[in-house]
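Here's the structure we're looking at; comments come further down.
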Amino acid sequence: MKRAVVTGATGFIGSWLVQELLSHDIEVTVIVRKKDRLLKDIAENPKCHIVEKSLEDISSEDFPEESES
């Protein structure tokens, strides 16, 4: 499965980008400061992983492990 990381997913362009990626069966990790600002369709999508942190606080532990398929 393809994967992407998106910052700015609560903004106009970022939210559209995330929705487009998800519609193409791409697993998306979004980095947001406040997850309550995400669109409901994005926040509830099982292929979307939400990291609620500032960019300065991000580490490799915040990203999901690649699933074996």
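The values are calculated or read from the model by the stated rules, or taken from the named source; none is laboratory data. These figures come from a predicted structure and were not determined experimentally. Glycine also receives a Cβ, built like all others from the backbone with ideal geometry; neighbour counts cover every protein chain displayed. In case anyone asks, the SASA skips ligands and DNA or RNA and just uses the protein heavy atoms, side chains included. Shrake-Rupley method; radii C 1.70, N 1.55, O 1.52, S 1.80 Å.
Scan the range 12-21 for residues that are open to solvent by less than 80 Å² (accessible area, probe 1.4 Å) and either in contact with a strand residue (DSSP E or B) (Cβ under 7 Å, 6 or more places away or on another chain) or of a type in the set (Gly, Ala, Ser) (or both) and report the count.
The total comes to 4.
Counting the residues of the range 22-36 that are at pLDDT 95 or above, open to solvent by 60 Å² or more (accessible area, probe 1.4 Å) and assigned to a loop (DSSP other than H, G, I, E, B) gives 2.
Among the residues that make up the range 2-11, is at least one of them assigned to a helix (DSSP H, G or I) and either surrounded by fewer than 17 Cβ atoms within 10 Å (Cβ to Cβ) or among the small types (Gly, Ala, Ser) (or both)? No; the residues of the range 2-11 include none that is assigned to a helix (DSSP H, G or I) and either surrounded by fewer than 17 Cβ atoms within 10 Å (Cβ to Cβ) or among the small types (Gly, Ala, Ser) (or both). In the range 37-69, of all residues being under 13 Å from the mean Cα position of the chain (by Cα) and part of a helix (DSSP H, G or I), the one that is farthest from ALA9 (Cα to Cα) corresponds to ASP62. The residues in the range 9-32 that are out of contact with any Phe, Trp or Tyr (no Cβ under 9 Å at 6 or more places or on another chain) and under 22 Å from GLU65 (Cα atoms) can be counted, and the count is 14. When each of GLU61, GLU56, GLU52 is tested for being in contact with a helix residue (DSSP H, G or I) (Cβ under 6 Å, 6 or more places away or on another chain) and either open to solvent by 100 Å² or more (accessible area, probe 1.4 Å) or among the acidic types (Asp, Glu) (or both), the lone residue that passes is GLU52.
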